[in-house]
1. Which order, highest average first, do 90-96, 108-114 follow once you tally other Cβ atoms within 10 Å for each residue and take the mean per peptide?
2. Along the three principal axes, how long is the range 133-256 when you take its alpha carbons, biggest first, rounded to the nearest angstrom?
3. Whole-Hz ³J(HN,Hα) for each residue in the range 112-125, computed from phi via Karplus 6.51 cos²θ - 1.76 cosθ + 1.60 with θ = phi - 60°, x for glycine and proline: what do you get?
4. Can you pull the percent of Cα pairs in the range 1-136 with separation above 20 Å?
5. Indicate, rounded to the nearest 5 percent, the antiparallel portion of the DSSP beta bridges found entirely in the range 99-256.
6. Defining a contact as two alpha carbons under 8 Å apart and six or more residues distant in sequence, what relative contact order in percent does the range 102-256 show?
7. In nm, to one decimal, how far is the Tyr120 label point from the Trp242 one, both placed 7 Å along Cα→Cβ?
8. In Å, what Rg and Dmax follow from the Cα atoms of the range 55-120?
Amino acid sequence: MKIATYNVNGIGARLPVLLRWLGETRPDVVCLQELKAPQEKFPEAEISAAGYHAIWHGQKSWNGVAILARSGKPVEVRRGLPGDDEDTHSRYIEATIDGIVIGCLYLPNGNPAPGPKFDYKLQWFERLTLHAAALLESGKPVVLTGDYNVMPTEKDVYKPEKWVDDALFRPEVRAAFHTLVAQGWTDAVRHLHPTETIYTFWDYFRNAYGRNAGLRIDHFLLSPTVAKRLTAAGVNKDVRGWEKSSDHAPVWIELA
């Protein structure tokens with residue numbers, strides 16, 4: 001079973017890239033973030049023609065998450081994290097696919113920090129951590145994946161000294177990520193590639209992709225039963241170099 005996550009940075013503008021990638025790699029499950037499209041503008045027909053069933057949580061101009069599956073329509077469990085009924089951001093959707101609970105998330109960026117956006121990021125992280133604990137307690141196999149907007153360690157960022165005050169790298173955010181993982185989750189990519197320089201995002205500016213000046217901010221967290229099945233993980237880095245591509249590259253894992 002191959003599961004992928006991809007921040008498409010606008011599904012309308014990136015649809016040709018998304019469809020090409022789906023056609024070339026054929027993952028069984030795909031989690032998408034930053035659709036930047038209202039619910040009615042999701043390209044369901046094109047996704048279906050590519051061989052995928054989909055559920056999605058859209059939002060005009062911002063955010064937006066979706067889960068695609070080849071084996072059948074994902075069985076939606078929830079949309080939105082519990083803990084704040086006034087949060088209208090479409091940043092989380094959860095479904096069951098072939099017996100695995102898949103949580104697709106787009107964690108807030110949080111800049112500028114400090115400030116209200118940074119406070120919202122930390123609050124959202126707390127809600128995610130509480131929900132993740134409940135998922136672990138359920139005993140079900142769970143995959144929590146998406147754009148976490150955090151570089152967990154200095155190994156995950158090009159020139160970390162330039163990011164010390166950024167909301168993606170501030171100590172509070174990295175501590176929140178480590179607290180989450182410490183519940184019993186496995187960071188899939190780091191688990192299989194503990195010492196490699198691996199990035200999933202390259203800015204559009206200053207030839208970041210050409211210089212490989214990137215960040216690792218798209219992650220897979222696996223519950224213990226899923227972690228035992230992990231056989232491979234990687235990044236389709238070349239997709240970032242395609243014309244009109246997202247500033248993120250797809251990240252994937254394979255399960256036995």
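The values are calculated or read from the model by the stated rules, or taken from the named source; none is laboratory data. The model shown is predicted, which means the values in this text are computed figures rather than measured ones. Backbone-built Cβ (ideal geometry, glycine too); neighbour counts: all protein chains shown. Remember, those area values only see protein heavy atoms, side chains included, never the ligands or the DNA or RNA. Shrake-Rupley method; radii C 1.70, N 1.55, O 1.52, S 1.80 Å.
1. So the peptides 90-96, 108-114, ranked by packing, come out 90-96, 108-114.
2. Sorted largest first, the three principal extents are 46, 32, 25 Å.
3. x, 10, x, x, x, 5, 5, 4, 4, 4, 5, 5, 5, 4
4. Roughly 45 percent, once rounded to a whole number.
5. Taking every DSSP beta bridge with both residues in the range 99-256, the antiparallel ones total about 70 percent.
6. 24 percent
7. 3.1 nm
8. 13.7, 44
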